[in-house]
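One structure below.
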Amino acid sequence: MQKKLLTIAVAGALAAPALALAQQASGTEVYGTVNMALMQTLNAKISARGTLALNLTAGGTVAVPVLQGRLEVKNTFVSHNDFPSGVSDLNGVLLFDSDRIQIESLSGTTGGGTVALTGAATYHSGVVLLDFGATARAVRLRYPPGVSSTANADLRLTGNANSALLSGDVVVTKLAVSRKEAAALLSVSVRTFDRWAASGLIHASGVGHRKIFAVTELQRFLQETSKTITI
């Protein structure tokens, strides 16, 4: 059975012709649900699931719309092929108030940690003004290849859609590398590194075929063997 991707109801009246930019669209209500899988049909690189619940009233004109209402994000997952991690368990509410979209609450999980978004976007004189914040805690990122890092971050995005500034702090709490990268840091062959690891001289942080080695463990090994390394 095929899932419904879009269930939308419209109540009210649109001025005719509906696409005329100067006509009014006051009193038009839009409500229903959107299956996030719809995003995959728009962009093949996106993988998504979950639902969005809409409850909006449109006023003003088509050129200068005035929206009132809310959009509820329910148990959503979104990932993109060009990004190393997706966001899951995304839940929250966005409020529409005239020319402003405010994040009432929006949080989810990514890379084994949590992320929460705050802020708003305002449409003013043909320009979208941005003021968003993001807080991440214990988020693990496997990038670049062979490197695994865990970090906390407090970021803020301000400006407009054409020119925005991202500022804030990112604190890396853990840093680990693959056996190949670890061998390169120690300036030895992978075969030699594997022999050291097998003998217990260096301890892995991962298990199975995805073993990783904490940088602090490599530093301990270097200190005990009187070697030096620059990271």
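The values are calculated or read from the model by the stated rules, or taken from the named source; none is laboratory data. All of these numbers come straight from a predicted model, not from anything done at the bench. Positions of Cβ are generated from backbone atoms using ideal geometry, with glycine treated the same way; all protein chains shown enter the neighbour counts.
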Problem - For Thr228: the one exception among (1) modelled with pLDDT under 90; (2) within 30 Å of Leu129 (Cα to Cα) - result: (2)
Fill in the blank from the handout: Of the residues in the stretch 4-53 that are in contact with a strand residue (DSSP E or B) (Cβ under 7 Å, 6 or more places away or on another chain), of a type in the set (Gly, Ala, Ser) and modelled with pLDDT of 85 or more, the one that is surrounded by the most Cβ atoms within 10 Å (Cβ to Cβ) is Ala48
Exercise for the section: Sort out which residues of the stretch 150-167 are hydrophobic (A, V, I, L, M, F, W, C) and more than 17 Å from the chain's Cα centre (by Cα), and write them in order of number. Expected result: Ala161, Ala164, Leu165
Exercise for the section: Return the only residue of Val171, Val188 being on the phi < 0 side of the Ramachandran plot and within 27 Å of the chain's Cα centre (by Cα). Expected result: Val171
Fill in the blank from the handout: Only one of (1) of a type in the set (D, E, K, R); (2) modelled with pLDDT under 95; (3) over 14 Å from the mean Cα position of the chain (by Cα) does not apply to Asp82, and that is (3)
Completion exercise
Within the stretch 69-90, residues surrounded by fewer than 15 Cβ atoms within 10 Å (Cβ to Cβ) and either among the hydrophobic types (A, V, I, L, M, F, W, C) or not assigned by TED's automatic domain parsing to the domain that holds Arg49 (or both) come out as Phe83
